[in-house]
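One structure is given here, and the rest of the page talks about it.
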Amino acid sequence: MSSTLSFVLGTRPEIIKLSPVIRACQRRDVSFSIVHTGQHYSEELDSVFFEQLDLPTPDYNLAVGSSSHGEQTGEMIAEIEAVLESDRPEVVIVQGDTNSVLAGTIAATKMAGIDVGHVEAGLRSFDRDMPEEINRRMADHAADYLFAPTKTSRDLLCQEGLPDEWITVTGNTIVDAVQQNVEIAHERSHILAELDLDEQFALLTAHRAENVDDRERLERLLDSVSTAAAEHDLSVIYPVHPHAEKRISEFGIEVPDIIQLVEPQDFLNFLVLEDEAEIIFTDSGGVQEESCILRTPCVTLRDSTERPETVDVGANKIVGVNLEAVVEGVREMIVREQNWENPFGDGRAADRILDTLEYE
Ligand code: UD1
Ligand code: UDP
């Protein structure tokens, strides 16, 4: 039997950020299928989130796994097309900027009778060396429904010539996900005790290709973070993404003692760490948003961001990985009054997405 909607997803942030939309479908009795590309497959990046967020097991798992961009994306396109041929949804929903998003969009957009809805449309870092920037531009220009999280992202889409009537400003579904989980996280998670965190600490995530695939840059990043944290007597908790873990071990990098490497955390543990940290160091897109929503100051270890709203409200500073800039950024952010507005909406993004698609 064919579903009304089909969610094509493949990585940790897509699972988290689509969870509110999937829940909204369940509430409204909209039939859907979940097509998992298998881009992420390690338990701690994948099944742990389905369990914790109480999501149905994917109807299809394409088990594409890790490979080069071309091979991974190509294999996904062919396999998603085959699934959609039999599933025949009215709309395919993709979220974000990964290779799974690009593949889902390309496969679906060429099929007669299937529309594509891109959740988190209109983000731009203007750094065309990042694979994510290419993926999101391609997805936005091939999709039929553009769900922009903010007015800034809508304006960027309009500047690129995309028709205003295709665009809806919905807010970001991460606000829905944070609101739905943060209290539960504080009730259920024991991560602070497990990690013996009775002193003030900083949280670090770094996994982007431009930071971890270059040995010198990765070393500089770790040294800058450790020096900046030491100045404020903070230990650093680093839940290491397998991509970064692989590079640290391949390059034989000695991680400074002040940085404690831990396994990637489930969503509830991670929300507690974000909420309780004095400051967050990150190159993640989702973590820049969550720190802003939770009012924990953030320094972003990149040279650009596609989330300028976080900087505009005073929650985030883009510092790159150079020592002086990271140290200066932390000095500035750690004393910042944490009273900024959340620019990403009211936590009803998922409902607006289904309203726009007229699945009442
Ligand atoms: C991908 C996205 C990135 C996103 C991130 C979310 C692209 C181009 N990149 O990066 O935008 O921020 O997901 O976390 O789509 N690996 C595992 N287990 C897994 C998956 C990956 O060990 O389940 C390791 C493999 O060694 C693999 C490497 O991580 O080669 C990179 O995986 P890949 O999917 O290419 O990119 P991510 O770094 O996960
Ligand atoms: N996250 C998590 N555990 C971790 C690190 C991150 O649950 O150990 C969550 C985080 O809360 C956010 C999402 O993963 O919602 C961000 O994903 P990631 O940083 O992998 O990708 P990006 O947002 O950069 O694409």
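The values are calculated or read from the model by the stated rules, or taken from the named source; none is laboratory data. Keep in mind it's a predicted model, so treat the numbers as computed, not measured. So basically every Cβ, Gly included, is an ideal-geometry build from the backbone, and we count neighbours across all protein chains shown.
Could you check Leu195 against (1) in contact (Cβ under 8 Å) with a residue 40 or more places away in the chain; (2) closer than 23 Å to Ser125 by Cβ; (3) not aromatic (Phe, Trp, Tyr) and say which number it fails?
Here Leu195 meets the rest and fails (2).
Which residue out of Arg137, Arg124, Arg154 is without any contact (Cβ under 8 Å) to a residue 24 or more places away in the chain, surrounded by fewer than 24 Cβ atoms within 10 Å (Cβ to Cβ) and within 30 Å of Phe270 (Cβ to Cβ)? Don't jump to the end; show me each part of the working.
Details: Arg124 fails: without any contact (Cβ under 8 Å) to a residue 24 or more places away in the chain; Arg154 fails: without any contact (Cβ under 8 Å) to a residue 24 or more places away in the chain.
Just one listed residue meets the conditions, Arg137.
Check Gln26, Gln39 and return the single one that is within 16 Å of ligand 2 (Cβ to nearest atom) and either outside any helix (DSSP H, G or I) or exposed (fewer than 15 other Cβ atoms within 10 Å of the Cβ) (or both).
Every option except Gln39 fails the conditions.
Please go through region 124-145 and pick out each residue that is more than 16 Å from ligand 2 (Cβ to nearest atom) and hydroxyl-bearing (Ser, Thr, Tyr).
Result: Tyr145, single match.
List the number of the failed condition for Leu123; all other conditions in (1) within 16 Å of ligand 1 (Cβ to nearest atom); (2) part of a helix (DSSP H, G or I) hold.
(2)
Here are some residues: Val182, Val178. Which one is within 14 Å of ligand 2 (Cβ to nearest atom), surrounded by fewer than 20 Cβ atoms within 10 Å (Cβ to Cβ) and within 15 Å of Glu276 (Cα to Cα)?
From the options Val182, Val178, the qualifying one is Val182.
Return the residues of region 303-344 that are part of a helix (DSSP H, G or I), more than 29 Å from His186 (Cβ to Cβ) and in contact with a strand residue (DSSP E or B) (Cβ under 7 Å, 6 or more places away or on another chain); say none if nothing qualifies.
Residue satisfying the conditions is Val326 alone.
Give me a count of the residues in region 148-189 that are closer than 23 Å to Pro308 by Cα and part of a loop (DSSP other than H, G, I, E, B).
Total satisfying the criteria: 9.
Would you mind stating whether Arg307 is basic (Lys, Arg) and crowded, with 24+ Cβ neighbours inside 10 Å?
On the way: basic (Lys, Arg): yes; crowded, with 24+ Cβ neighbours inside 10 Å: yes.
Yes: the conditions hold for Arg307.
In region 49-63, which residues are hydrophobic (A, V, I, L, M, F, W, C), more than 20 Å from the chain's Cα centre (by Cα) and crowded, with 19+ Cβ neighbours inside 10 Å?
Listed by number, the list holds a single entry, Leu62.
Count, please, the residues in region 50-65 that happen to be closer than 23 Å to Glu75 by Cβ and in a helix (DSSP H, G or I).
1
One residue is enough: does region 38-47 have a residue meeting the conditions in contact with a Ser or Thr (Cβ under 8 Å, 6 or more places away or on another chain), among the polar types (S, T, N, Q) and in contact (Cβ under 8 Å) with a residue 40 or more places away in the chain?
Within region 38-47 (the criterion being in contact with a Ser or Thr (Cβ under 8 Å, 6 or more places away or on another chain), among the polar types (S, T, N, Q) and in contact (Cβ under 8 Å) with a residue 40 or more places away in the chain), the answer is yes, since at least one residue qualifies.
Looking only at region 184-200, decide whether some residue is among the hydroxyl-bearing types (Ser, Thr, Tyr) and touching a Phe, Trp or Tyr at 6+ places or on another chain (Cβ under 6 Å).
no
In region 72-116, how many are more than 16 Å from ligand 1 (Cβ to nearest atom) and either among the aliphatic types (A, V, I, L, M) or crowded, with 24+ Cβ neighbours inside 10 Å (or both)?
Matching residues across region 72-116 total 13.
Pick out the one residue from Val313, Val287, Val321, Val272 that is in contact with a Pro (Cβ under 6 Å, 6 or more places away or on another chain) and hydrophobic (A, V, I, L, M, F, W, C).
Working: Val287 fails: in contact with a Pro (Cβ under 6 Å, 6 or more places away or on another chain); Val321 fails: in contact with a Pro (Cβ under 6 Å, 6 or more places away or on another chain); Val272 fails: in contact with a Pro (Cβ under 6 Å, 6 or more places away or on another chain).
That would be Val313, the only listed residue that is in contact with a Pro (Cβ under 6 Å, 6 or more places away or on another chain) and hydrophobic (A, V, I, L, M, F, W, C).
Within region 94-120, take every residue that is away from ligand 2 (no atom under 15 Å from the Cβ) and among the hydrophobic types (A, V, I, L, M, F, W, C) and give me the one that is nearest to Ile167 (Cα to Cα).
Only one residue tops the list, namely Val116.
Just give me the residues in region 64-94 being more than 23 Å from the chain's Cα centre (by Cα) and polar (S, T, N, Q), in sequence order.
Ser86, the sole residue that qualifies.
Only one residue in Ala228, Ala209 is within 24 Å of Thr11 (Cβ to Cβ) and among the aliphatic types (A, V, I, L, M), so which one is that?
Ala209 is the lone residue from the list that is within 24 Å of Thr11 (Cβ to Cβ) and among the aliphatic types (A, V, I, L, M).
Considering only residues that are among the polar types (S, T, N, Q), part of a helix (DSSP H, G or I) and farther than 26 Å from Asn181 by Cβ, which ones fall in region 66-103?
Gln72, Thr73, Ser86, Asn99
Test Pro20 against the criterion of being modelled with pLDDT of 95 or more and either in a loop (DSSP other than H, G, I, E, B) or among the small types (Gly, Ala, Ser) (or both), and give yes or no. If you could, list the steps in order and put the result at the bottom.
Numbers: modelled with pLDDT of 95 or more: yes; either in a loop (DSSP other than H, G, I, E, B) or among the small types (Gly, Ala, Ser) (or both): no.
Taking the combined requirement at face value, the residue does not satisfy it.
If we scan region 250-264, do we find a residue that is among the aliphatic types (A, V, I, L, M), away from ligand 2 (no atom under 11 Å from the Cβ) and farther than 29 Å from Met130 by Cα? Outline the logic, then answer.
To start, the set of residues in region 250-264 that are among the aliphatic types (A, V, I, L, M) comprises 253, 255, 258-259, 261-262.
Pick out the ones that are also away from ligand 2 (no atom under 11 Å from the Cβ) and you get 253, 255, 258-259, 261.
Right, trim to farther than 29 Å from Met130 by Cα and you get 258.
Within region 250-264, one or more residues are among the aliphatic types (A, V, I, L, M), away from ligand 2 (no atom under 11 Å from the Cβ) and farther than 29 Å from Met130 by Cα.
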